Amino acid sequence: MGRLLAVAIVLIVSGTDWVRAEPAAAVDPLTLLKDGQIAGCGLSATGSAAQGSAIAEVIAFRDGNETAFAVRARPGPNSTSPNAQSIRLVTATHDTAFLFPQPRRIAGGIVETRTVLQGFTGPSFAQELMVMGGRFEITGADGAVFTLDLPRPMPHRVRQAYLTCAGDLFRPEPE
């Protein structure tokens, strides 16, 4: 009885993530350049399952003196699944379904939602994503939802690349 109680306590304390069968997505840092200058910073997550593969991205852009975030999805390499119809990113306390406008199609079969997050919402969104991870939910044309679970915390190389990139993104321009 004591062992059973200990296992139950471990499951309650650690949450359901501990027993989830899906593997975490492969995550890489993402830096976008325009005319040799930093234009965007974020991460790219790739995952595969029986229904195909997908790539999801979250990117911070400079929008004047503010930060705009884009959340994107597209079919992964060698994917036979149809193009994504919508994308959602959920972290512990942020949900793009409520913070961002409806996703829309852009060039290259990419579906994207983008917005400026006011006040401390943008920094807390980025910080929470890097520390607590999150989950991309990509809905296909057939209505099936493809999920990519992000690691928590993000790998050091992803956090380090994001922080370095974001610092350069908002560094004052040379005169």
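The values are calculated or read from the model by the stated rules, or taken from the named source; none is laboratory data. Note that the structure is a prediction, hence the values are computed from the model and not measured. Every residue, glycine among them, receives a Cβ derived from its backbone with ideal geometry; neighbour counts consider all protein chains shown.
Go through the range 144-164 and report how many residues are closer than 16 Å to P123 by Cβ and either touching a Cys at 6+ places or on another chain (Cβ under 7 Å) or aromatic (F, W, Y) (or both). Selection size over the range 144-164: 1. Note down all Cβ pairs under 6 Å where the first residue falls in the range 148-175 and is closer than 16 Å to A60 by Cα and in a helix (DSSP H, G or I), the second is at pLDDT 90 or above and not hydrophobic (A, V, I, L, M, F, W, C), and they're at least six residues apart or on different chains. Between residues of the range 148-175 that are closer than 16 Å to A60 by Cα and in a helix (DSSP H, G or I) and residues that are at pLDDT 90 or above and not hydrophobic (A, V, I, L, M, F, W, C), the close pairs are V158/P29; A161/P29; C165/T31.
Check whether at least one residue in the range 66-74 is modelled with pLDDT under 90 and either of a type outside the set (S, T, N, Q) or more than 24 Å from Q118 (Cα to Cα) (or both), and report yes or no.
Within the range 66-74, the subset modelled with pLDDT under 90 is 66-67, 74.
Now drop any that are not either of a type outside the set (S, T, N, Q) or more than 24 Å from Q118 (Cα to Cα) (or both), which leaves 66, 74.
Scanning the range 66-74, I find at least one residue that is modelled with pLDDT under 90 and either of a type outside the set (S, T, N, Q) or more than 24 Å from Q118 (Cα to Cα) (or both), so the answer is yes.
Considering T16, T46, T80, the condition of being among the hydroxyl-bearing types (S, T, Y), surrounded by fewer than 10 Cβ atoms within 10 Å (Cβ to Cβ) and modelled with pLDDT of 50 or more is satisfied by T80 alone. Of all the numbered requirements in (1) in a loop (DSSP other than H, G, I, E, B); (2) within 25 Å of G52 (Cβ to Cβ), L89 misses one, and that requirement is (1). Looking at the range 35-77, the strands (runs of 3 or more DSSP E) lying wholly inside it that each contain 2 or more residues that are under 13 Å from the mean Cα position of the chain (by Cα), hydroxyl-bearing (S, T, Y) and at negative phi sit at 37-49.
The rows are residues; the columns are (1) touching a strand residue (DSSP E or B) at 6+ places or on another chain (Cβ under 7 Å); (2) over 19 Å from H94 (Cα atoms).
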{"residue": "R104", "(1), (2)": "yes, yes"}
{"residue": "A107", "(1), (2)": "no, yes"}
{"residue": "I110", "(1), (2)": "yes, yes"}
{"residue": "S124", "(1), (2)": "no, no"}
{"residue": "L148", "(1), (2)": "yes, no"}
{"residue": "P153", "(1), (2)": "no, no"}
{"residue": "Q160", "(1), (2)": "no, yes"}
{"residue": "C165", "(1), (2)": "yes, yes"}
{"residue": "P172", "(1), (2)": "no, yes"}
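With the structure loaded, tell me whether T147 is surrounded by fewer than 20 Cβ atoms within 10 Å (Cβ to Cβ), closer than 21 Å to C41 by Cβ and among the hydroxyl-bearing types (S, T, Y) or whether it fails that test. So T147 does not fit the description; no.
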